[in-house]
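Values in this text are rule-based calculations from the coordinates and carry no lab data. Only a predicted model underlies this, so the values are computations on that prediction, with no experimental measurement involved. So basically every Cβ, Gly included, is an ideal-geometry build from the backbone, and we count neighbours across all protein chains shown.
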Amino acid sequence: MQNFLRQHHFRNALFLLLAFGCTYSITATSITANAAASESTVTIKDAWVRPTSPGQEVGAAYMTFLSTKDTTLISVESDVTKSVEIHSMSMQNGIMKMRMMNTLPLAAGKPYKLAPGGYHLMLFDLKKPLSAGAQVNFILTFKDKNKVEFKQSIKVPVQSSAEAAATTDLPNH
């Protein structure tokens with residue numbers, strides 16, 4: 001009887017080990033595949049965050065996206081705030097209008113420039129002022145047309161628009 005119980009427990013332990021191992025293997029493979037998809041799908045360049053003043057609770061980030069496939073930016077997270085929103089700005093009847101966008105569709109091969117006076121990322125309820133020379137971490141979540149989500153992490157320098165213009169092709173605002 002004792003031998004039977006030992007074999008029974010051994011089989012249960014082996015089953016759990018194999019089940020966990022397979023789950024871990026599948027998850028690790030999915031994460032690796034998604035990371036590879038993000039690296040080859042969306043290129044992010046000319047990224048910068050505008051410095052803020054003490055007491056200022058809102059900031060802005062700018063960058064250029066170039067995607068090799070039709071994909072959509074669906075969310076953004078940052079270590080300096082709990083809330084990041086995608087915004088657009090446009091002139092309507094002589095009045096500058098800003099609106100929140102739930103997503104930002106990216107057409108394959110077409111660069112999308114987030115710049116002052118246009119599309120940008122708004123950082124709300126900043127945890128502390130953003131000082132020139134600091135770095136801000138972002139995690140951007142994209143979804144392709146097959147509904148596969150992938151994340152891309154970037155470190156973005158905090159710098160003035162003049163500094164950004166000197167290192168990118170942005171106009172000086």
(message) Going by amide H atoms built from the backbone, whose H comes under 5 Å of the H on residue 67, apart from near neighbours?
(response) 43, 109, 110
(request) Could you tell me the convex hull volume per residue, in Å³, taken over the Cα atoms of the stretch 43-167? (result) 116 Å³
(message) Could you list 126, 106 so that the one with the fewest beta carbons within 10 Å of its beta carbon is first and the one with the most is last?
(response) 126, 106
(request) May I ask you to evaluate 6.51 cos²θ - 1.76 cosθ + 1.60, the Karplus curve with θ = phi - 60°, for each residue of the stretch 130-147 and list the ³J(HN,Hα) values in order in whole Hz, giving x for glycine and proline? (result) 9, 9, 3, x, 6, 10, 10, 8, 10, 10, 9, 10, 10, 9, 8, 5, 8, 6
(message) Within 9 Å, Cβ to Cβ, of residue 88, how many net charges do the neighbouring residues add up to if Lys/Arg are +1 and Asp/Glu are -1?
(response) +2
(request) Please list, in chain and number order, the residues 5+ apart from residue 136 or on another chain whose amide H is under 5 Å from its amide H, with Hs placed from the backbone. (result) 156, 158
